[in-house]
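The numbers here are math on the coordinates, done by the rules we state, and not lab data. Computed from a predicted structure; not experimentally measured. Backbone-built Cβ (ideal geometry, glycine too); neighbour counts: all protein chains shown.
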Amino acid sequence: MASGIPAFMEKDDVRIGFGIMGGWNQSQAHAQFVANIVDYGMNIQQALEAGRFTKGSFDGCDVRMESWIPESVRSELTGRGHEIEVIPPRSGRFGSAQAVMSNGEGVHFGASEPRHDGAAIPEAPPVFEN
């Protein structure tokens with residue numbers, strides 16, 4: 001699991017544990033991950049890879065966004081007075097994360113995003129029982 005404060009979410013028998021590093025951005029990235037799953041129906045890998053945005057202070061209308069966020073969204077926000085700074089994707093400025101999920105039926109999933117060098121590697125079942 002990525003360092004930082006791990007988070008946990010569950011609904012019915014589905015359980016997801018995840019951790020997103022990123023200092024000031026950490027809580028913002030956690031909220032975006034949850035929204036990607038709950039509101040947009042993404043799986044855990046898609047939710048980690050989705051473009052992120054961050055607000056670096058409590059003042060002003062400045063927002064940093066990865067270029068993965070569609071131009072139409074950025075234009076609409078600019079039209080509403082936001083000052084958008086577009087950051088190249090996968091720069092690491094938006095944190096990095098890993099996630100695991102149990103679907104309640106004994107199937108487990110892992111996800112690791114491309115903003116860092118982690119990997120989600122399944123543990124092989126035992127070949128020989130003791």
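As a calculated quantity, the FRET efficiency between residue 75 and residue 40 at R0 = 25 Å, using C-beta atoms, amounts to about 0.80. Place +1 on the Cβ of every Lys and Arg and -1 on the Cβ of every Asp and Glu in the chain, take the dipole about the Cα centre, and give the residue among 106, 58, 28 whose Cα lies farthest towards its positive end. Looking along the dipole axis, the top candidate is 58. A simple rule links phi to the HN-Hα coupling: the Karplus curve 6.51 cos²θ - 1.76 cosθ + 1.60 with θ = phi - 60°, which for region 109-119 gives 10, x, 9, 9, 8, x, 7, 8, 9, x, 8 Hz, with x for Gly and Pro. Counted residue by residue at 0.36 nm each, then reduced by the alpha carbon distance between them, the extension gain from residue 109 to residue 9 reaches 34.6 nm. Here the Karplus curve 6.51 cos²θ - 1.76 cosθ + 1.60, taken at θ = phi - 60°, turns the phi angles of region 62-70 into couplings of 6, 9, 9, 9, 6, 5, 5, 6, x Hz, with x standing for Gly and Pro. The dipole here belongs to the chain: it is taken about the Cα centre, uses +1 on the Cβ of Lys and Arg and -1 on the Cβ of Asp and Glu, and is about 360 debye.
Considering only 86, 38, 107, the mean-square fluctuation computed in a Gaussian network model of the chain, springs between alpha carbons under 10 angstrom, is largest for 107. This ranking places 108, 116 by how few other beta-carbon atoms lie within 10 Å of each, fewest first, which gives 108, 116. Using the Cβ-Cβ distance between residue 123 and residue 62 with R0 = 41 Å, the FRET efficiency computed as 1/(1 + (r/R0)^6) comes to roughly 0.40.
Which peptide among 117-124, 53-60, 96-103 comes first, and what is the full order, when sorted by highest mean count of other Cβ atoms within 10 Å?
96-103, 53-60, 117-124
Measuring how big the chain is from its alpha-carbon positions, Rg and Dmax come out at 16.7, 65 Å.
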